[in-house]
Every structure is written in C-alpha cells, then in structure tokens.
Amino acid sequence: MGIIKIFGKGVRTAAQNSKMLAYLWVINFVFASLIIAPLFLLIRKDFGHSLLGGTLRNLGFTWLGELIYKYQNIPQAIAGWFLIPALLFGFLYIFLNGGIIGRVAAEGEKVTLQNFFGDCGRYFWRFLRVFILTVIGYLLVFGILFSLIGAAFKPWIKSASNEVPTIIASNLRTLVFLLIFTIVQMYFDYVKVSLVIRDSKKVLSTALSTLGFIGRRFVKAWVLYLFVGILFIAFTILYFLAGKVLPKDGLAAFLIAFVWGQVYIWLRIGIKLLFFSTESHFYKLNKA
Amino acid sequence: MIMDRPDLKRLKNPGGFLRRAVQVVLCLAVSAVAGVMTFGAQETASQGTGWTSPLRYEIWVELDNARKMLWAREDIVWQNTTQDTVPDMLFHLYWNAFKNEKSTVLQESKQGSNLRGIEVKDGDWGWIDVVSLKLADGRDLLPTKEFVTRDEPAHEGDQTVMRIVFPEPVKPGESVSLKLEFESKVPRTILRSGYYQDSYFIGQWFPKPGVYQEGVGWNCHEYHLSSEFFADFADFKVHITVPEDFVVGSSGKLTSVTKDEANKKATYTYEQSRIHDFAWTASPNFIKVERDFIAAQEVTPQEYEDTARMLGLAVDEVKLSDVKMTLLIQKQHRSQIDRHFKALRTALKYYGLWYGPYPYETVTMVDPPYRTDSGGMEYPTLFTAGTAYFPTKDVLSPEGVIVHEFGHGYWYGLAANNEFEEAWLDEGINTYSTGKVLAKAYGPGAMGFGFNGIPLNWFIPFPKGYDHEQNRAAAINIVEYDPVLTPSWKFYSDASYGLNVYMRAATGLVTLERLLGQETMARVMRTFHTRFRFKHPTSGDFIAVVNDVTGKEMSWFFKELFLDTLNFDYGIASLRSEEKQKHIRGVFDVEGKKEEMTGKKIKELEEKESSEKGGGGPKSGDTGKTYVTSLTLRRFGEARVGKEAPLKVLVVFEDGTEESRVWDGQARWIKMDFEKTAKARYAVVDPETVWLIDSNLANNSYRLKAVRSGVWHLAAKLLFSVQNFLQAVSGLM
C-alpha cells in the first residue's frame, strides 16, 4: 500500500480516537496551569491594581525589567517550580504513550477512560525501558553524531574569510542534525509500536528486530514520518499567519486568541496521535 | 525652565570674543618662546606643517603581512604646558596587554565575576617593543626604561606602562623631542586590535604618552579589561606602508599616496590635528565608498531656526559644515552601503545641530574585517560599526552602532574625558545622545534575535521600543553593585561596568532631562560640549554646567543617582475611599445631658433623610454622600528627590474630577486625605514619569478597582508557551 493511503488510514484512525485528544489536552492544560499559577499570582499582586497593568498585553521593556528586578532573588525557586513539573510531565507521557499507541493499534474499538488507562498501565514498564534506550540514543545523537557532523563542517568554517560560509555551514549542520534526530525519534516510535502490536515484553530483542524492520523499509518509513512532520510545520505556519489577522483589542479578541491557541495545542496533540497511527498502520502492513 | 544664559551670551559678546582672541595670541607667543627653548632640538614643527597642538606625532609604519608585524619609527614632540618641572615620561604600550598571561587585562578577565574570560591560543599573542628611544640630539633614553604598575590591585608583570627618565627635567613651557623605533607583533585579535587572515584593525598601537596633570603627575593607567583610554590632543602625521592591494582606512585626512611598484607596496600619508588617538585598518576585502555630507542639503532653514531657538543661540552658531564621509565595507555587505550612509548623515546632522558642528573635514566609517573583533569602537575621525549578512528592517542595526560610535567623536573625541576614571562621561552621555538621535530619526526599534545567522525577526514580531526603555530595564537591575562614578577597573564585574556606565548613566540623564525640561537639558548639553571641546572634562565640570545653566544647585541629583548605589523607588502604599459618616455612634453631651447615638437610631435618621430628598431616591450622580479618600505614599528606596524637585501626586475621582498635590519626598512616608463627593478611581505619584530611574513604576499608581485584563493577557501567553514546551518534552519520551 502506498504511503499516501497509509497516511489517509492514519488520519482516519486518529480522528476516530479523538476522545483521547480531550484526555491529553486536559492533562496538558492542568500541568501548564499549575506551573504558571505562582507566577500569575505574583504578577497579579504587583500589577493588578497598577495603571501599568494594561501594558502587560504586549511584551514591553518597562514591565519586563521590573519583573526581573522584583524577582531577581528567586530564580532557583522559579526554575525548580518550572522544571520539576515539566520533568514529571515527561515521565507521565511514558505512561500515557501506552494508552495512545494501545488505542490507535486497537482499530475499531472505542476509546474509554478504562481501556485508555488500562493500556497506559499495561505498557508502562516496557516503555520505561524504551525510554532508557531513548536516552542512550539521544546521547549518541547529541553527543557523538553532533560532534562528528560538526567536525565535518569545521574546516570550512575555520578557514572562512567572511560569515557566509559560517552561516551556510551552521544551517546545514542544523538541518543534518534535525534529519538524523527525526530518524532516531522514528526508530523509537516503531519500537513502542512494535511492542504493542506484538504484545511483546522483550524490549531489547524488539528494539533489535525493529532495526531490521526499519532498515528494510527505511525510505518509505522515513518519508511517511517526514510527511507528518511537514504537516505539523504547515499547521504552525497557518497558526502564526491566522494570528496576524485576528482582532487585537477587547474581551472578544482575548477569548478568540485564547481559543485559537488551544486549537493549536489540540492540533499538536493530534499530530502526535497521527504519528503513532500512521506508524501503527505501516507496521501492521509490513511486519513479517 | 528657560533660564538666563550668561555663558552663552558671552560667546556672542564681542568683548568675550576679544578676550578669547587675546588668549589665543598669548598662547602663540608662549609657544614661540618655548620653541626657542625647545629641549634638545630646534623647533621645526611650526615650519610649514601647520601644527596646532603642543603634542605632535609623526609615525612611519610598515605592515609586514607575512610575519604579522609592524615595523615603525615615531617622532614625538611634547610641550610642557604646566607649571611643573617634569623629570620623566610615562607611555602607554597597550599591545603588551596581549603579550602573556601576566598582563592586567588577562589577569582581570579570569577574576571574580567577570564573564569575559579571554583565552589566547598559542601563537596568537601580540606585543610592542620599543627598540630605540632617543632625544633629538641623539642621547639614548632606553637604559632608563622600566615598566610600572600603579593601579590597585597591583598586577606585577604587566608591561602596558613604560617609564623613561630625562637627563634634565623639562621645565614649564619647554618642549622635548623624542625619536623612537618600535616593533609590534600584531595579535590574532584579542581586544579590538589584531588580524584575521589578511585583514587588520590597528588601534592603540603606538607608544603614547599619558596625560600630564599639573600638581598631580602623569595620568597613565595600565590597560584594564573594563576600561578604555585617555590621552592628550595632538597633531598627527602618519605614513602607513602596506601591500599595494590592501585598501586602507585611517583617522585623519589622506594627503598623499606613494606607490613602490618594485616591492608591490603603497604608502598612505594621513594627517590630522587636534585629536588624541589614531587608528587604522587595512584589508584587501574592503570596498571603499566616498560620499559627501552637504550641510545645505541635509538641514533645512526651519531646522536651523528651531534648533537656534531651542538653544538660545543665533542661527549662524548652529550652522553645520560639509564633511567628507568614507565607508570601508566588506564585500558581502555591499547591499547595505546606503543604509550605512543614511545613518552617518543622521548622526552628523543631529549631533552637529544639538552639540556643535563636527569640526573635522573627514570621517571614516569601517565595517570591520571579519573575525577581528574590532566592531563597535571609536577613534577620533574614524569608527567601526559592524553589521550582519541579513539585516532586518525593524532592527536598528547597523544604524544604532553607527550613530553611537560616530557620537563618540563628540563624547570622548572632542570632550575628551578620562575613560579610565570616569567612563560614564562618554559612554553614558553618548548612550543618552544615541537614544535621542535614533528616536528622532527612526522611531522605536525592535530587538534583534537570530539563529545561525538567520534573523528570527523575519518570522517573529519581536517588540519594539526606544533605547531609553531598554536602558532603564538594565539600569534598575544593576543599582546595588557599584556607583556609576567608579573607576573602570574597580567595578564588581564587566557587566556592572557596562550596565552602569552605559545604561544607568543614560537613564539618569533621561531622568534629568524630564526633570529640567527638554529645552533646558538641550542647553546643558550644548554648553557642556562647547565649553569642554578639545579639553578633558570631569564629572565635576558636568555638574557645574548643569548648575550654571539651570541656575539651581543640582549636585544632589548626582549624589543620589551617580555617586552612590541608592535605589530610587517612590510608590503608593495604600489607597482607600470610605464613606464619611454623617452620624457618629457613641455617647454625646447634648444640652447638659448624655445622649447615646445607636446604630439603630442612625439607620432611622438616614432613612428619614433619604425619603425627605424626594421619591425615588437620589438623582443620578448625586449620592448625597461624602467620601474620605486616604492615600499613603512611601519612599521604598534610599535615594531621595531634592527638596527643590518635589513629587507630583494626582488623584482622579469617579466623578471625573482630579486633585493634585506635591510631596517633598524626604520622609519615609506621607498620608494625604481628600474629602469629595465621589470615591477615588486611582492615584498616581509622578504621573508624568519624570523619574524614569524609579525601579518600580508599577507601584507608582493604584486603582481602587483592579483591572486585570493585562495580567490575564500575559497569563494566557505564558500558559500557551508552557503548554507548547510541555508538548515538546512529551515528544522526547
């Protein structure tokens, strides 16, 4: 089956599982609200009654400088309050990925809270082990490969007589790095998909066999992956372009902008579902 | 406030002109006598060269591109214009800062809180060696040479200040002629000077005497990490020999070019009088473009009249001269030539109109050679800017740096403060001036951000702002480290130096402008510049000019904001409006008896009064009630306003009326009461934001009813950003 058809199937599957979008959006919203709540309260205390409060609508040096001055002694607390929930959220997604992939792989079944979180629990320990492998994968990419890619461009950059070679080389290097990063991401996605579809508990052997699977169908798999990625970029551009024509003043404008922002978050979550659903279909169609 | 300007009137006064003419004649007479007594040589400099300064340099320098060396000889004539008898001379040898890790610069870069740790790779060092130093009569002074380090903390081993001793001291009015030979290894660009491949920027490169100060001695500091420079005004004639395919830019005016075809070299001779430094650059990669600033085309008669009126001067006194502009630009930036010249013309126009006409014939603007780290720096009649390959429309770059570095031709170049000891006098004043020029000519500019050389401003509309807004944001965050008036090398860190002498000083000056009024401040700046042009002003001189022009004692302003680390913060502590009770509860003496007024009785009275006013209750807007508004102001910071500059306080009421009061701001707090028929809507202290230096403008106002739309907007944006960040994190899991 062609990539386009697989992509179409993936879109249908993601749409059928849109209830999951709601669960995931709620979790995202709650976590983000918890993170910004203390800062919101501080800002409300300092600016809520001030005539300067109106300037907070747009980024301004006047209030930004004052915020930095007022809160200069609590950066560690702020960083901690920000980073710890962010890390917890990341770990939570190890749990939630089980539900996402479990439900998209179970074609035709309706999503319920019970079966979603059931899948989260069933696959959690396997996905936790995959996460450990992922960390190693990222270290390889960020550490070794990045250095190798950098070394390849270094002579060109070192001997440059103006900034043009440096600009070209550094952007090429970033592009190459990003492409390799997508390959690593895609590989680990397929490891998770494979674990779910084969219902295997053997993470290492599944990881090895997935290497073979991807290797034999690399171009198709990667093109499909990049296709979804390009869709995400297109949505992002559309979001920013639409933002320019939205009204700016008044309560209605604020609500529209807020809703539009949340639509974008839904789309991002939907893209995540689309990645897994297309990968599931691709795996099912091509597994040995 | 427009004040009488006796100093400016003297300038227009023929009697004053005559006095100045007499002074010039006397100086010439003294010089002639001193010329006869010149130490060790006949005074030849006045013959045909047009020397005008008591210090003169003639330098021959050859650039050895293969070995990255400079071979040079230098003639110096120094006249003792003081009443002291001077036994020695101290020279700056700045390039020895790049010689080894014992230098003060490299030691300081690794200390304390400095972020700018300078790492020099093997083979990249630079140095300067004086190999011969003789009097004009041939007597050798080199055996007396020693390196001195006089600043605290001491950095033994630094060789950026050299001392030599004269066989006979130089008496008042006498001159001494010196002949030096020196050789320098050009560093692989460390601080503002050096080379990259075949491109060179050569600054602070020749042995330069310090400034002799009467009764004090030689002012000649080591090269410090966080300092710039100080030298005497002089006449320069410099002959620069370079490979023939190199394009050269230099301080001064090009007077001759000599080609040596056989050796494929060319010698460029530049001359300039009355400057205190000389820099040059050479590269085969420059494109040289010359254009003219024609004053008659750049400034309209109306602009001259408006400027003259603002400054209280005659129109002729504000007229500008034509200037030859030279741009040396990197080939890959050729599309930005017009943008560079537009910015330079803007700077020539406004600095000229506001502070005085540019007095030199030429100005050279350099887009510095790649990787020479020499951008954004000033030298008399030459400055370096710097730009990106992809400039953006909304970001004022390179405009900002061009205006700023040209402006240093005024603040530092002409009013030549000691940058070691009082850096704010050029950096702070110039940052203030740059902000005004950019606001006038360009409006607000966006901050520029890029990734791998690609401007993010193409995709993301970053906020725009004026320089004074950005400067204030920095200024309020640095107040508790060092006073603005701190010797450069004694700041807590590089960051404290930069934020204090540039941003905090500039914010202080904007505050002063708002306090005095634009016109008075314009006259202050003009007076300061014209009075100290070609001189070495100090902070005390600036304060004296402020006092002189305003007719007020304004030293308190500088004491609070420049000489100390006092935070300035006045604000509203509380605002309440409560209905004034017509009837008071309690026991009262009525006609000799004690009568109790109870809550119940009061309620009955009020109901009766209400019905007596007519059916339907009070008319719209007429509640019949009186409100007592209590406003408490506090001085949260340690800095105080002067008693002559009380703070304005404004209270606006629900019925649209306003009340203004003043507070002298001396005590820690004050309470004000207002009795009105309406509640307060809001109160503001310093409603016109005169005190821009206030670190907390948010507490300057208080609304009784919170209006939190701005807070919610910001919260929504923060929420969205965090949501996206969390989604990105989830993608990695």
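Per-structure values
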read-out: Residues that are of a type in the set (Asp, Glu) and touching a Ser or Thr at 6+ places or on another chain (Cβ under 8 Å), drawn from region B:169-189; value: B:Glu174, B:Glu181
read-out: A:Ile78 modelled with pLDDT under 90 and part of a helix (DSSP H, G or I); value: yes
read-out: Sole residue being within 20 Å of B:Ser730 (Cα to Cα), of a type outside the set (A, V, I, L, M, F, W, C) and more than 12 Å from chain B (Cβ to nearest Cβ), chosen from A:Gly98, A:Gly102, A:Gly90; value: A:Gly102
read-out: Residue match in region B:362-377 (condition: open to solvent by less than 10 Å² (accessible area, probe 1.4 Å), under 21 Å from B:Thr281 (Cβ atoms) and touching a His at 6+ places or on another chain (Cβ under 7 Å)); value: yes
read-out: Candidates A:Phe127, A:Phe31, A:Phe91 - the one that is without any contact (Cβ under 8 Å) to a residue 12 or more places away in the chain and of a type in the set (Phe, Trp, Tyr); value: A:Phe91
read-out: Those residues of region B:252-279 which are part of a loop (DSSP other than H, G, I, E, B) and open to solvent by 60 Å² or more (accessible area, probe 1.4 Å), in sequence order; value: B:Glu261, B:Ala262, B:Asn263, B:Lys264
read-out: Answer from B:Ser721, B:Ser630 - the residue that is over 31 Å from the mean Cα position of the chain (by Cα), touching a residue at least 40 places away in the same chain (Cβ under 8 Å), more than 8 Å from every other protein chain (Cβ to nearest Cβ) and surrounded by fewer than 16 Cβ atoms within 10 Å (Cβ to Cβ); value: B:Ser630
read-out: Residue that is nearest to the chain's Cα centre (by Cα), among those in region B:365-404 that are of a type in the set (Ser, Thr, Tyr) and within 20 Å of B:Glu228 (Cα to Cα); value: B:Tyr379
read-out: Those residues of region A:15-71 which are among the polar types (S, T, N, Q) and either closer than 20 Å to A:Gly98 by Cα or more than 7 Å from chain B (Cβ to nearest Cβ) (or both), in sequence order; value: A:Gln16, A:Asn17, A:Ser18, A:Asn28
read-out: Any hit, region A:143-150, residues being open to solvent by less than 30 Å² (accessible area, probe 1.4 Å), within 14 Å of another protein chain (Cβ to nearest Cβ) and touching a Leu at 6+ places or on another chain (Cβ under 8 Å); value: no
read-out: Test: B:Asn430 is at the interface with chain A (Cβ under 10 Å from one of its Cβ atoms), in a helix (DSSP H, G or I), under 20 Å from B:Ala522 (Cβ atoms) and in contact with a Phe, Trp or Tyr (Cβ under 8 Å, 6 or more places away or on another chain); value: no
read-out: Lone unmet requirement of (1) surrounded by 15 or more Cβ atoms within 10 Å (Cβ to Cβ); (2) more than 11 Å from every other protein chain (Cβ to nearest Cβ); (3) modelled with pLDDT of 90 or more for A:Gly8; value: (1)
read-out: Subset tally (residues that are surrounded by 15 or more Cβ atoms within 10 Å (Cβ to Cβ), at pLDDT 95 or above and not in a strand (DSSP E or B)) for region B:149-171; value: 3
read-out: Filter result for A:Leu92 (surrounded by 17 or more Cβ atoms within 10 Å (Cβ to Cβ) and part of a helix (DSSP H, G or I)); value: yes
read-out: Hits in region B:226-262 - residues which are charged (D, E, K, R) and in contact with a Phe, Trp or Tyr (Cβ under 9 Å, 6 or more places away or on another chain); value: B:Glu228, B:Asp232, B:Asp235, B:Lys237, B:Lys253
read-out: Qualifying residue in region B:392-414 (condition: part of a loop (DSSP other than H, G, I, E, B), in contact with a Gly (Cβ under 6 Å, 6 or more places away or on another chain) and of a type in the set (Phe, Trp, Tyr)); value: no
read-out: Enumeration of residues in region B:475-505 that are at the interface with chain A (Cβ under 10 Å from one of its Cβ atoms) and over 14 Å from the mean Cα position of the chain (by Cα); value: B:Ile476, B:Asn477, B:Ile478, B:Val479, B:Glu480
read-out: Extreme residue, nearest to the other protein chains (Cβ to nearest Cβ), among residues of region A:122-137 that are out of contact with any Gly (no Cβ under 8 Å at 6 or more places or on another chain) and open to solvent by 30 Å² or more (accessible area, probe 1.4 Å); value: A:Phe131
read-out: Flag if B:Gly637 is closer than 28 Å to A:Gly60 by Cβ, in contact (Cβ under 8 Å) with a residue 40 or more places away in the chain, more than 13 Å from chain A (Cβ to nearest Cβ) and not hydroxyl-bearing (Ser, Thr, Tyr); value: no
read-out: Test result for B:Ser611, open to solvent by 20 Å² or more (accessible area, probe 1.4 Å) and either among the basic types (Lys, Arg) or free of Cβ contacts under 8 Å to residues at least 60 places away in the same chain (or both); value: yes
read-out: Lone qualifier among B:Val729, B:Val707, B:Val711 - being under 30 Å from B:Gln470 (Cα atoms), within 13 Å of another protein chain (Cβ to nearest Cβ) and in contact with a helix residue (DSSP H, G or I) (Cβ under 6 Å, 6 or more places away or on another chain); value: B:Val711
read-out: Residues of region A:162-176 that turn out to be more than 29 Å from the chain's Cα centre (by Cα) and closer than 10 Å to B:Asn452 by Cα, as a count; value: 1
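Results for (1) in contact with a helix residue (DSSP H, G or I) (Cβ under 9 Å, 6 or more places away or on another chain); (2) closer than 30 Å to B:Glu480 by Cα; (3) more than 14 Å from every other protein chain (Cβ to nearest Cβ); (4) outside any helix (DSSP H, G or I), shown as yes or no for each residue.
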residue	(1), (2), (3), (4)
B:Lys648	no, yes, yes, yes
B:Gln666	no, yes, yes, yes
B:Lys671	no, yes, yes, yes
B:Ala683	no, yes, no, yes
B:Pro687	yes, yes, no, yes
B:Tyr702	yes, yes, no, yes
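The values are calculated or read from the model by the stated rules, or taken from the named source; none is laboratory data. Predicted, not measured: the structure shown is a model, and the values here were computed from it. Note: ideal-geometry Cβ built from the backbone for every residue, glycine included; neighbour counts use all protein chains shown. These accessible areas exclude ligands, DNA and RNA; they are computed on the full protein's heavy atoms, side chains included. Shrake-Rupley method; radii C 1.70, N 1.55, O 1.52, S 1.80 Å.
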